[in-house]
Amino acid sequence: MKFVIPSFNREDMIKLKTLKFLFTHDIKPEEIDIVVETEDMKDRYIKSIGNQYNIIVSGTHGIKEKRNFVRSYYRDETDHDKIVCIDDDIDKLIDIDKPLDLRGVIEEAFDICKWDGICMWGLCPFHNPFFMTRSPRTSTNLKYICGAFFGLVIDRTKKIIHTDIDHGEDYQFTMEHFLRDGGVLRFNHISINTKYFEQKGGICESLGGLKNRQVQMKENSEYLVKKYPGMCSLKLKKLGYDIRLNGRFKAKQTALEKIV
């Protein structure tokens, strides 16, 4: 298993946030891959964080190409069957029940995925104890799997899933995995702690700033609602348009039914 961190112009932030977070949970440098876009960027990262990490140059531009690169690379160029993808600005994860055991959570998630025939799992994208304590601990219905922290089973017997949009790609991945695998696994009692839209570098910078990203939010959200009828709807939030998934949507056949 590999911890994969896609990163863009955040050679200092990744050291203070995600790498520090992983170190506190005894994740070793040899378990971590960092994916950047250019050789020049790789040189800057090595200068900032050292050369003990495997830094992969994707030769891509934008989050869409990078997300697709990660999926293709680990499927076709490695023998890994499980990866955990993490954004470069994660401070911590919060378990509503107890102190977080990161490895324990990851092992449990992949075990459930194996049992249910599911290939994608994730966490609650917001920290709201009211909703977290009232949701089932785990769910496999159509719930949003945030791209900031998720696990992926690499099943080479199934058709690879790629995205065709930059903003909202994690919604698309969620829906595509739900349709292909019969469900997505989410741990509703564990939340991600990060500041969406507020950090320098990353997606906003790669898209040319927050205003450009907000334009893409609206265009891509409208595109997803049209492409996946019944699975999602348009929602206006404080920072722009987004989508809401329909948790009652039913796949034609669940993975468990296929096994039975």
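The values are calculated or read from the model by the stated rules, or taken from the named source; none is laboratory data. No experiment lies behind these values; they were computed from the predicted model shown. Here the Cβ is made from the backbone with ideal geometry for all residues, glycine too, and neighbour counts use every protein chain on show.
Taking region 59-73 as the region of interest, how many residues are among the polar types (S, T, N, Q) and either touching a residue at least 24 places away in the same chain (Cβ under 8 Å) or surrounded by fewer than 16 Cβ atoms within 10 Å (Cβ to Cβ) (or both)?
Here the count works out to 2.
Can you name the residue in region 133-173 that is of a type in the set (Phe, Trp, Tyr) and not in a loop (DSSP other than H, G, I, E, B) and, of all such residues, is nearest to Ile83 (Cα to Cα)?
Step by step, filter region 133-173, then rank; the result is Phe150.
Just for region 88-115: of the residues that are touching a strand residue (DSSP E or B) at 6+ places or on another chain (Cβ under 7 Å) and acidic (Asp, Glu), which one is nearest to Lys15 (Cα to Cα)?
If we take residues in region 88-115 being touching a strand residue (DSSP E or B) at 6+ places or on another chain (Cβ under 7 Å) and acidic (Asp, Glu), then Asp88 is nearest to Lys15 (Cα to Cα).
Is it fair to say Thr18 is over 17 Å from the mean Cα position of the chain (by Cα) and among the hydroxyl-bearing types (Ser, Thr, Tyr)?
It is false that Thr18 is over 17 Å from the mean Cα position of the chain (by Cα) and among the hydroxyl-bearing types (Ser, Thr, Tyr).
If I go through region 204-256 residue by residue, how many of them are closer than 17 Å to Lys64 by Cβ, of a type in the set (Gly, Ala, Ser) and either modelled with pLDDT of 80 or more or in contact with a strand residue (DSSP E or B) (Cβ under 7 Å, 6 or more places away or on another chain) (or both)?
The total comes to 1.
Quick check on my filter: what residues within region 87-100 are in contact (Cβ under 8 Å) with a residue 24 or more places away in the chain and over 21 Å from Thr174 (Cα atoms)?
If the condition is that a residue be in contact (Cβ under 8 Å) with a residue 24 or more places away in the chain and over 21 Å from Thr174 (Cα atoms), then Asp89, Asp91, Lys92, Ile94, Asp95, Ile96, Asp97, Leu100 are the ones that fit.
Can you work out which of the residues in region 39-83 that are of a type in the set (Val, Ile, Thr) and part of a strand (DSSP E or B) is nearest to Lys15 (Cα to Cα)?
Taking the candidates together, the pick is Ile55.
Restricting to region 174-197, count the residues that are out of contact with any helix residue (DSSP H, G or I) (no Cβ under 9 Å at 6 or more places or on another chain), part of a loop (DSSP other than H, G, I, E, B) and farther than 27 Å from Ile96 by Cα.
Of the residues in that region, 0 qualify.
Test of understanding: among Asp81, Asp26, Asp76, Asp43, which residue is surrounded by fewer than 18 Cβ atoms within 10 Å (Cβ to Cβ), modelled with pLDDT of 95 or more and on the phi > 0 side of the Ramachandran plot?
None of the others qualify; the one that does is Asp26.
Can you pull out the residues in region 84-122 that are among the small types (Gly, Ala, Ser), crowded, with 20+ Cβ neighbours inside 10 Å and not in a helix (DSSP H, G or I)?
The answer is Gly122, and nothing else.
For the structure I just gave you, tell me whether Cys113 is within 25 Å of His167 (Cβ to Cβ) and in contact (Cβ under 8 Å) with a residue 60 or more places away in the chain.
no
Sort out which residues of region 228-254 are of a type in the set (Lys, Arg) and either in contact with a Pro (Cβ under 7 Å, 6 or more places away or on another chain) or surrounded by 14 or more Cβ atoms within 10 Å (Cβ to Cβ) (or both), and write them in order of number.
Result: Arg244, single match.
May I ask you to list the residues in region 1-16 that are in a loop (DSSP other than H, G, I, E, B) and either surrounded by fewer than 20 Cβ atoms within 10 Å (Cβ to Cβ) or in contact with a strand residue (DSSP E or B) (Cβ under 9 Å, 6 or more places away or on another chain) (or both)?
Met1, Ser7, Phe8, Asn9, Glu11, Asp12
Restricting the first residue to region 36-48 and requiring it to be more than 16 Å from Leu19 (Cα to Cα), which pairs with a second residue that is surrounded by 15 or more Cβ atoms within 10 Å (Cβ to Cβ) and among the hydroxyl-bearing types (Ser, Thr, Tyr) meet a Cβ separation below 7 Å and a spacing of at least six or different chains?
These pairs meet every condition: Glu37/Ser58; Glu37/Thr60.
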